[in-house]
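The values are calculated or read from the model by the stated rules, or taken from the named source; none is laboratory data. Being a predicted model, the structure only gives us computed values, none of them experimental. Note that each Cβ is placed from the backbone with ideal geometry, even for glycine, and that neighbours are counted across all protein chains shown. These accessible areas exclude ligands, DNA and RNA; they are computed on the full protein's heavy atoms, side chains included. Shrake-Rupley method; radii C 1.70, N 1.55, O 1.52, S 1.80 Å.
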Amino acid sequence: MISVVIPLLNESNLVDRLLIETFSNLNAIGESFEVVCVDDGSTDSTLSHLLHFREKNSELKIVSLSRNFGLQAALTAGLDYAK
């Protein structure tokens, strides 16, 4: 299984395109995969975009942090959550 961890902070403008491209490329590989997105305390609609995308893509896992902990903590949280 391929696991991709993506930390996000206030990325509502690009998260949809990022996920579409990521899923497209991972589907082309033909192996099982998961994409773990870590919302690192975003104050915009990043989390809403993630939740909406997950409705049709069960391979998307979401970790939502209560506040901004920084890149390293977000990556660690995503790696801990990944299979």
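Some points to look at:
- Some residue of the range 43-50 being of a type in the set (Ser, Thr, Tyr), within 26 Å of Gly70 (Cβ to Cβ) and outside any loop (DSSP other than H, G, I, E, B): yes
- Residue that is farthest from Leu8 (Cα to Cα), among those in the range 58-76 that are touching a helix residue (DSSP H, G or I) at 6+ places or on another chain (Cβ under 8 Å) and open to solvent by less than 30 Å² (accessible area, probe 1.4 Å): Leu60
- Count of the range 14-44 residues which are in contact (Cβ under 8 Å) with a residue 24 or more places away in the chain, farther than 18 Å from Asp80 by Cα and either surrounded by 17 or more Cβ atoms within 10 Å (Cβ to Cβ) or touching a helix residue (DSSP H, G or I) at 6+ places or on another chain (Cβ under 9 Å) (or both): 6
- Residues in the range 15-35 that are of a type outside the set (D, E, K, R) and under 12 Å from the mean Cα position of the chain (by Cα) were compared, and the one that is farthest from Thr76 (Cα to Cα) is Ile20.
- Restricting the range 45-57 to residues that are among the aliphatic types (A, V, I, L, M) and without any contact (Cβ under 8 Å) to a residue 24 or more places away in the chain, the residue that is least open to solvent (accessible area, probe 1.4 Å): Leu47
- Yes/no for Leu79 being at pLDDT 95 or above and surrounded by fewer than 17 Cβ atoms within 10 Å (Cβ to Cβ): yes
- Number of residues in the range 1-22 that are of a type outside the set (D, E, K, R) and assigned to a loop (DSSP other than H, G, I, E, B) equals 6.
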